[in-house]
């Protein structure tokens, strides 16, 4: 490599790191393998799945529209088909394939996440792998498709139930459906069966009150797993009178009480013995239930602290929306929205590895590095890379698959650059209290609207 080329690469370290990780995780043979396994009735002719994947990936990273990216690819001989054909291809990507991409990439990226950067909770919880679960629906679908034109209110794309690893902040898996109005708690058992714990660990599931039903709790407790769930009042709790109520005060001086008993009616065969912890807040009480029964093994203060960490998955969804401009959807079908959501989550996982390496090279905590600000620089550098370096040269530069050690070493070399002050997280601002207003705005499921349209066309 000549001096000019090396000088150029030195100016684009974030782009080089991102492309290194993407080329290692998503080689053509990996994408083809996932396609052949999960394509269902779909086929490929002029537009192969690796080509479509990289086009949408490029559009998401650089915040371009799908049309702009397709036009650019046609002009540069990267797409040998029409724009309409590319959008049609995107609209039919099987949801099963999108989920497989997320899970396959998560396993690969997880190997690169540095051990020292993993968050640690209280000592009593360190034997668990804490996994937070929550639902996410894709909003802001535009009304481009014929059945959607003229519909009132907003439109919902696909919906997914997502599993987030607490110690790394990375998305592990998801169960998705095309119906945006579906209830994601129906997918709990399927998601539990997908997530495998790390060696020498058991999973501790963390969830809000939506998952406090006997059916869902039974699913979460499978395979010897534990759970910490917010209690829902319409589930009957019968206290065990043989065990006294224990009271205490947490580190913030707030009073709490813990008791033991059964969730579910007396005649319900699925009723479960749990530990109930109630924390007194200013205007209400926070109540959680868990199957970790021994208070000496795991104090109530630790479990209350852990439940406070559940908001981490909400922040991840918010980061994905703002960092990758997820409000701008490239496709209009539920399948296309889920595919774009998966690509955003894959990029978010890659961003966590890059952020950890940046903090290591600059002796900082990963929490001090802003994901959004680093991603803004990644976007700018990826645009510069695409304008100055041909796709063939890029493919040749990164070469074939490497070992985890090779990729980690190379990543450290690339990101061993001076710290930029703009990468630091901004101090938390003052929370604004918004007055809630009752309106008539509604949301409709794209999946249901399209199905109703097809049924009407058949009858006519």
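Could you please find all residues in the range 319-339 being under 12 Å from the mean Cα position of the chain (by Cα) and touching a residue at least 24 places away in the same chain (Cβ under 8 Å)?
Scanning the range 319-339 gives 319, 320, 338.
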Test set (1) assigned to a helix (DSSP H, G or I); (2) touching a helix residue (DSSP H, G or I) at 6+ places or on another chain (Cβ under 7 Å) - residue 402 fails condition number: (1)
Test: residue in the range 389-406 that is touching a strand residue (DSSP E or B) at 6+ places or on another chain (Cβ under 7 Å), over 24 Å from residue 98 (Cα atoms) and surrounded by 16 or more Cβ atoms within 10 Å (Cβ to Cβ): no
So residue 309, is it free of Cβ contacts under 8 Å to residues at least 40 places away in the same chain and either out of contact with any strand residue (DSSP E or B) (no Cβ under 6 Å at 6 or more places or on another chain) or assigned by TED's automatic domain parsing to the domain that holds residue 226 (or both): no
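Where in the range 135-221 are the strands (runs of 3 or more DSSP E), entirely inside, with at least 1 residues that are free of Cβ contacts under 8 Å to residues at least 40 places away in the same chain and touching a strand residue (DSSP E or B) at 6+ places or on another chain (Cβ under 8 Å)?
Because the criterion is at least 1 residues that are free of Cβ contacts under 8 Å to residues at least 40 places away in the same chain and touching a strand residue (DSSP E or B) at 6+ places or on another chain (Cβ under 8 Å), the strands (runs of 3 or more DSSP E) in the range 135-221 that meet it are 159-165.
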Qualifying residue in the range 423-445 (condition: part of a helix (DSSP H, G or I), modelled with pLDDT of 85 or more and outside the structural domain of residue 28 (by TED's automatic domain parsing)): yes
Failed item, numbered, when residue 84 is tested on (1) out of contact with any helix residue (DSSP H, G or I) (no Cβ under 9 Å at 6 or more places or on another chain); (2) within 19 Å of residue 391 (Cα to Cα): (2)
Subset of the range 120-134 [touching a residue at least 12 places away in the same chain (Cβ under 8 Å) and either farther than 24 Å from residue 201 by Cα or exposed (fewer than 14 other Cβ atoms within 10 Å of the Cβ) (or both)]: 120, 122, 127
In the range 186-210, the residues that are buried (at least 18 other Cβ atoms within 10 Å of the Cβ) and in contact with a helix residue (DSSP H, G or I) (Cβ under 6 Å, 6 or more places away or on another chain): 188, 192, 205
Checklist (1) over 29 Å from residue 139 (Cβ atoms); (2) more than 18 Å from the chain's Cα centre (by Cα) applied to residue 356, failing item: (2)
Boolean, residue 222 is outside the structural domain of residue 106 (by TED's automatic domain parsing) and under 30 Å from residue 111 (Cα atoms): yes
Answer from 87, 113 - the residue that is crowded, with 17+ Cβ neighbours inside 10 Å, in contact with a strand residue (DSSP E or B) (Cβ under 8 Å, 6 or more places away or on another chain) and at negative phi: 113
Qualifying residue in the range 376-386 (condition: touching a strand residue (DSSP E or B) at 6+ places or on another chain (Cβ under 6 Å) and either on the phi < 0 side of the Ramachandran plot or surrounded by fewer than 21 Cβ atoms within 10 Å (Cβ to Cβ) (or both)): no
Test result for residue 103, outside any loop (DSSP other than H, G, I, E, B), touching a residue at least 60 places away in the same chain (Cβ under 8 Å) and surrounded by fewer than 22 Cβ atoms within 10 Å (Cβ to Cβ): yes
Residue 109, sole failed condition from (1) under 23 Å from residue 53 (Cα atoms); (2) more than 16 Å from the chain's Cα centre (by Cα); (3) assigned to a helix (DSSP H, G or I): (2)
Where residue 368 falls short, out of the listed (1) free of Cβ contacts under 8 Å to residues at least 60 places away in the same chain; (2) more than 23 Å from the chain's Cα centre (by Cα): (2)
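Residue by residue, here is whether (1) under 25 Å from residue 52 (Cβ atoms); (2) surrounded by fewer than 20 Cβ atoms within 10 Å (Cβ to Cβ); (3) in the same structural domain as residue 408 (by TED's automatic domain parsing) holds:
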position	(1), (2), (3)
316	no, no, yes
321	yes, yes, yes
325	yes, yes, yes
329	yes, no, yes
332	yes, no, yes
343	yes, no, yes
362	no, yes, yes
365	no, yes, yes
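The values are calculated or read from the model by the stated rules, or taken from the named source; none is laboratory data. In this text the structure is predicted, and so the values were computed from the model without any measurement. Reconstructed Cβ throughout: ideal geometry from the backbone, glycine too, with neighbour counts over all protein chains shown.
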